[in-house]
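Q: My structure is below; once you've seen it, I'll send some questions.
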């Protein structure tokens, strides 16, 4: 058995192809679900496993499935493969190298929530992956693993791929729904939430690629097996996309409860040129930035522990900053990104990111003025809590935490 749960292709390359995947027990979990379990039993197994969503929020997966409105039909499942968070590249590896485990996860989820149609929403730049998945789906239909009356039952399932237009905002689930319906990708006001009012106004579950790829092995080995892999707060394993000033950037699958020290120094090989570690962005550009210390390095990588530090795990895109980098440069990069990707629907995000971009450009001119720093901080605080979706909230995290935790990079005295 592979030591991996999600990146099994690294031990078993042949699981990329259907024969190799079936040789490893592929689609037996889906068959078991459809022929031996009712949908509620499948949902309860996932709920008991403690699987959380891997797209950023970390919401309990089984609980989300249980919210589907039983009196409103049809139901839909959407796999969110938009993956446009800077520093995140885990879902792409899964789709390219372990596509069948992901597709089986989509199928099991669809059965559990009573959906007979599922969509895989991919960012526009993933057009080659969309064609690749279409070939895999066609292969599964020919093998009667997707399609009508599966395994001799009355359950049928069709999976479609859909390409977005490369907009970061469409990683937000309601903007994704709007885009999938053929509209401009703008976030909806919530509530209602997708499990009650989603695609075409019908109950919809939206789950991330990594989330769904966990599902087949949970059904195969049991909820208790999966819970034992992680911590009480965060069950199972997580893929961390490590980048920045490290010697060996890449995707690393580790059990929850591993530490930053283990990820960066054991797996990532340490800091480039053996420089001193300065800061960590635990969730890519969306992060509240952490100042490096022994306490931070030895913090368990799990949702609750990161929140105690005043940050979040997000999608697990860990960006490492060393002593050669100034934090005003870092936040200039993140603000430029969010300013470009703001959909413009709500004023605080649209106008706030413009002015934060202007002020950080001024700071980069070489002369840092305290009144500019104070104004930048004030604008960020006034964006916080006033936006339609999380993009506006994410855009200010780097600004607020950098100015507070790295005052020396903004011409201020440490407190």
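Listed here are the residues, each with its yes/no results for (1) more than 19 Å from residue 61 (Cβ to Cβ); (2) assigned to a helix (DSSP H, G or I); (3) in contact (Cβ under 8 Å) with a residue 24 or more places away in the chain.
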{"position": "2", "(1), (2), (3)": "yes, no, no"}
{"position": "6", "(1), (2), (3)": "no, no, yes"}
{"position": "9", "(1), (2), (3)": "yes, yes, yes"}
{"position": "14", "(1), (2), (3)": "yes, yes, no"}
{"position": "19", "(1), (2), (3)": "yes, yes, no"}
{"position": "22", "(1), (2), (3)": "yes, yes, no"}
{"position": "26", "(1), (2), (3)": "yes, no, yes"}
{"position": "42", "(1), (2), (3)": "no, yes, yes"}
{"position": "46", "(1), (2), (3)": "no, yes, yes"}
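Q: Examine the stretch 233-251 for a residue that is touching a helix residue (DSSP H, G or I) at 6+ places or on another chain (Cβ under 9 Å) and part of a helix (DSSP H, G or I), and state whether such a residue exists.
A: no
Q: Further question on the same structure: Scan the stretch 164-198 residue by residue and report those that are at positive phi and without any contact (Cβ under 8 Å) to a residue 24 or more places away in the chain.
A: The answer is 182, and nothing else.
Q: A further question follows. Can you name the number of the only condition in (1) more than 16 Å from residue 257 (Cα to Cα); (2) modelled with pLDDT under 95; (3) touching a helix residue (DSSP H, G or I) at 6+ places or on another chain (Cβ under 7 Å) that residue 358 fails?
A: Condition not satisfied by residue 358: (3).
Q: Would you mention how many residues in the stretch 72-87 are out of contact with any helix residue (DSSP H, G or I) (no Cβ under 6 Å at 6 or more places or on another chain) and modelled with pLDDT under 95?
A: 0
Q: Restricting the search to the stretch 405-415, which residues are assigned to a helix (DSSP H, G or I) and in contact (Cβ under 8 Å) with a residue 40 or more places away in the chain?
A: 405, 409, 410
Q: Kindly provide the set of residues from the stretch 33-70 that are within 16 Å of residue 107 (Cβ to Cβ), surrounded by fewer than 21 Cβ atoms within 10 Å (Cβ to Cβ) and touching a strand residue (DSSP E or B) at 6+ places or on another chain (Cβ under 8 Å), ordered by number.
A: Selection gives nothing.
Q: Against the conditions (1) more than 16 Å from residue 214 (Cβ to Cβ); (2) out of contact with any helix residue (DSSP H, G or I) (no Cβ under 8 Å at 6 or more places or on another chain); (3) at pLDDT 95 or above, where does residue 124 fall short? Just the number, please.
A: (3)
Q: For residue 107, all conditions in the list (1) surrounded by fewer than 23 Cβ atoms within 10 Å (Cβ to Cβ); (2) in contact with a helix residue (DSSP H, G or I) (Cβ under 6 Å, 6 or more places away or on another chain) hold save one; what is the number of the exception?
A: (1)
Q: Would you confirm whether or not the stretch 202-217 contains a residue that is part of a loop (DSSP other than H, G, I, E, B) and farther than 19 Å from residue 298 by Cα?
A: yes
Q: In this structure, does residue 319 turn out to be under 22 Å from the mean Cα position of the chain (by Cα), crowded, with 16+ Cβ neighbours inside 10 Å and touching a residue at least 24 places away in the same chain (Cβ under 8 Å)?
A: yes
Q: Restricting attention to helices (runs of 4 or more DSSP H) lying wholly within the stretch 292-404, give those where 3 or more residues are more than 23 Å from residue 244 (Cα to Cα).
A: Output list reads 347-363, 370-383.
The values are calculated or read from the model by the stated rules, or taken from the named source; none is laboratory data. These figures come from a predicted structure and were not determined experimentally. Backbone-built Cβ (ideal geometry, glycine too); neighbour counts: all protein chains shown.
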